[in-house]
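The values are calculated or read from the model by the stated rules, or taken from the named source; none is laboratory data. Keep in mind it's a predicted model, so treat the numbers as computed, not measured. Here the Cβ is made from the backbone with ideal geometry for all residues, glycine too, and neighbour counts use every protein chain on show. Note: accessible area is taken over every heavy atom of the protein model, side chains too, but ligands, DNA and RNA are not part of it. Shrake-Rupley method; radii C 1.70, N 1.55, O 1.52, S 1.80 Å.
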Amino acid sequence: MKSGGCTMIKVKNYKEAWEIVNGIFPTDYEKDEEGSQRAGYPVYRSTADGHYYDYICDLNDRLEVNLKDGNRTINVWIEAEPVQEEKEVPNAEERGKVLKRIHRLTAWFAEEMLDQEEQGRKVREEFEKACAKEPEKQMLMVDCSTGNVECMKSCMKASVKAAKFIRDKENEVEDWQIAGINAMFDKVNESKTIPFDLPYAINGILLILEDND
């Protein structure tokens, strides 16, 4: 848009503004330190002979290009991008409390998985020692650790899936769902037993579809 000897251009950001200025400014330029101090904002002057009065003012919300040829002024306005308002979650506090309980559940399954891996390692070591000690004797090893490790890993995945769902503010989690999850955790605390299907039950309350991973 033009107004007399003044041209106005609108851009979305600071980088785009300088790209336009570099395209229309006729020569190279450098910062005029003394002029910037006097003006109170950065001033950049042409470095070419006879172009002292070609200069750029950085006015924060726009870049003003002043060109002696034709006594022109070009204002490149920087429009502020709209700030995305953070989505308000009505039951954010209760969701946060449930999320902490699920995180603790995930940590418990992780610890159990590591314990099972260690137990399996010890069983295999003892079996190998026994076989080496009596190579002529037929021996049988029973080790449930591998299956238990896979079970714990599956439970961890289900717990993480529930945690991600609750953490995502775009997902609606209603009060009755939070109450149901808390009731299950309270029952676990009362019985002091954690059922392996607890993460899947939580996903069921959250109406998270099952997949094949």
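Charging the Cβ of each Asp and Glu at -1 and of each Lys and Arg at +1, and nothing else, the dipole of the stretch 48-117 about its Cα centre rounds to 220 debye. Annotation: per residue accessible area for the chain equals 69 Å², rounded to a whole number [probe 1.4 Å, protein chains only].
When exposed loop sites are taken as GluC sites (Glu not before Pro) in a DSSP loop with at most 16 other Cβ atoms within 10 Å, the longest stretch of the chain clear of them is 1-78. Compared with the direct C-alpha span, the chain from W77 to K169 gains 29.6 nm at full extension, assuming 0.36 nm per residue. Sequence-ordered 3J(HN,Hα) estimates for the stretch 114-122 from the Karplus curve with 6.51, -1.76 and 1.60 and θ = phi - 60° stand at 5, 5, 5, 4, 5, 4, x, 4, 5 Hz, glycine and proline given as x. Using only Cα atoms, tell me the angle between helix 14-24 and the longest principal axis of the chain; keep it within 0 to 90° and round to the nearest 10. So the helix axis and the longest Cα principal axis differ by about 40 degrees. Determine, at each q value in 0.17, 0.23 (inverse angstroms), the log₁₀ of I(q)/I(0) that the Debye formula gives when each Cα of the stretch 1-78 is one equal point scatterer. Each listed q corresponds, in turn, to -0.62, -1.12. For T7, the residues whose modelled amide H falls within less than 5 Å of its own, excluding neighbours fewer than 5 places apart on the same chain, are T73, I74, N75. Cross-link pairs exceeding 21 Å in C-alpha to C-alpha distance, out of K10/K31; K31/K68; K100/K169; K122/K161; K129/K153; K100/K192, comprise K10/K31; K122/K161; K129/K153.
The length gained by stretching the chain between E125 and S36 to full extension, at 0.36 nm per residue less their Cα-Cα distance, is 24.4 nm. Using the Cβ-Cβ distance between C6 and D49 with R0 set to 30 Å, the FRET efficiency works out to roughly 0.70.
Phi angles across the stretch 197-203 convert, under the Karplus curve 6.51 cos²θ - 1.76 cosθ + 1.60 with θ = phi - 60°, into 3J(HN,Hα) values of 8, 4, x, 6, 5, 5, 4 Hz, Gly and Pro given as x.
Share of carbon and sulfur in the accessible area of the chain stands at 51%, probe radius 1.4 Å. Just checking the listed ones, N189, N171, N13: in the Gaussian network model of the chain with Cα springs under 10 Å, the one fluctuating most is N13.
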